[in-house]
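**Student:** Following this message is one structure expressed as structure tokens.
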């Protein structure tokens, strides 16, 4: 069991899927967790689950596509629990599914804002706080599609490539300040993002994973947990796939 006792963690998009699983894993291992989500209903549900399991959590609503919400989220975290030791920038959307020439401008801007700009907004405020503390850990939720192309998902792919590049650059800039920054790249995971797919499409996705199945949210959360812990004290600037062999094809 990884001990995060005394640590304060923030998880954006913590109301469901990877965010909820990550918040639960951090809390189970001793961290006080700020759960943030645009949905109060979903975010408070995660807090209730954590508290029922004996953990400590608190909900702060935020639209991470707005810089001012990200700034308020970080200050609210510190006001509530006194510090920010671990930040998991997980919030994201699937975005519009169209080839490049048919993609709407609004669709492009939306997915870039929620999946990339939000990571920058949050990281900027998180890093400022962590520099004051002299240490901290940031884990950004990227994707296997931050490494390869994927038809009809240009906005999502571009955003996730951007998250990986932003992660590596920030790690270079702030390692000397005691801040470790890494990115996790899940393949296709059983989360609400896939709920709209029919069985045929899900099966098509499964065949692209040599391990022969989709991933589960807790499998991604376990990697985030390790990267957040002192066990990964020499690990920064990396991209870590949780992909059932997808990128090895």
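The values are calculated or read from the model by the stated rules, or taken from the named source; none is laboratory data. Quantities reported herein were computed from a predicted structural model and do not represent experimental measurements. Cβ placement follows ideal geometry from the backbone for every residue including glycine, while neighbour counts extend to all protein chains displayed.
**Student:** State which residue is farthest from the chain's Cα centre (by Cα) when the search covers only region 162-199 and only residues that are more than 27 Å from residue 226 (Cβ to Cβ) and outside any helix (DSSP H, G or I).
**Tutor:** 198
**Student:** Might you check whether a residue that is at negative phi, surrounded by 14 or more Cβ atoms within 10 Å (Cβ to Cβ), touching a helix residue (DSSP H, G or I) at 6+ places or on another chain (Cβ under 9 Å) and in a helix (DSSP H, G or I) occurs anywhere in region 229-240?
**Tutor:** yes
Matching residues to (1) surrounded by 14 or more Cβ atoms within 10 Å (Cβ to Cβ); (2) over 13 Å from the mean Cα position of the chain (by Cα); (3) modelled with pLDDT of 95 or more:
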site: 201; (1), (2), (3): no, yes, no
site: 210; (1), (2), (3): no, yes, yes
site: 217; (1), (2), (3): yes, no, yes
site: 223; (1), (2), (3): yes, no, yes
site: 227; (1), (2), (3): yes, no, yes
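**Student:** When residues of region 136-165 are filtered for being without any contact (Cβ under 8 Å) to a residue 40 or more places away in the chain, surrounded by fewer than 18 Cβ atoms within 10 Å (Cβ to Cβ) and in contact with a helix residue (DSSP H, G or I) (Cβ under 8 Å, 6 or more places away or on another chain), how many remain?
**Tutor:** 2
**Student:** Of all residues in region 17-35, which are farther than 16 Å from residue 228 by Cβ and free of Cβ contacts under 8 Å to residues at least 60 places away in the same chain?
**Tutor:** Within region 17-35, none qualify.
**Student:** Quick test of your reading of the structure: residue 49 fulfils all but one of (1) part of a helix (DSSP H, G or I); (2) in contact (Cβ under 8 Å) with a residue 40 or more places away in the chain; (3) farther than 24 Å from residue 152 by Cβ. Name the failing condition by number.
**Tutor:** (2)
**Student:** Of everything in region 147-161, what is closer than 14 Å to residue 186 by Cα and either in a loop (DSSP other than H, G, I, E, B) or touching a strand residue (DSSP E or B) at 6+ places or on another chain (Cβ under 6 Å) (or both)? Give them in sequence order.
**Tutor:** Answer for region 147-161, where residues must be closer than 14 Å to residue 186 by Cα and either in a loop (DSSP other than H, G, I, E, B) or touching a strand residue (DSSP E or B) at 6+ places or on another chain (Cβ under 6 Å) (or both): 147, 148.
**Student:** Would you mind finding the one in 19, 15 that is touching a helix residue (DSSP H, G or I) at 6+ places or on another chain (Cβ under 9 Å), crowded, with 16+ Cβ neighbours inside 10 Å and part of a loop (DSSP other than H, G, I, E, B)?
**Tutor:** 15
**Student:** Which one is surrounded by the fewest Cβ atoms within 10 Å (Cβ to Cβ) among residues in region 22-44 that are under 17 Å from the mean Cα position of the chain (by Cα) and part of a helix (DSSP H, G or I)?
**Tutor:** 42
**Student:** Follow-up. With respect to the numbered conditions (1) surrounded by fewer than 17 Cβ atoms within 10 Å (Cβ to Cβ); (2) closer than 22 Å to residue 21 by Cα; (3) modelled with pLDDT under 95, which one is the sole condition not fulfilled by residue 191?
**Tutor:** (1)
**Student:** Oh, and also: From (1) touching a residue at least 60 places away in the same chain (Cβ under 8 Å); (2) touching a helix residue (DSSP H, G or I) at 6+ places or on another chain (Cβ under 8 Å), pick out the condition that doesn't hold for residue 172.
**Tutor:** Condition not satisfied by residue 172: (2).
**Student:** Quick test for you: out of 179, 211, 206, 189, pick the one residue that is more than 14 Å from residue 146 (Cβ to Cβ), touching a strand residue (DSSP E or B) at 6+ places or on another chain (Cβ under 6 Å) and free of Cβ contacts under 8 Å to residues at least 60 places away in the same chain.
**Tutor:** 179
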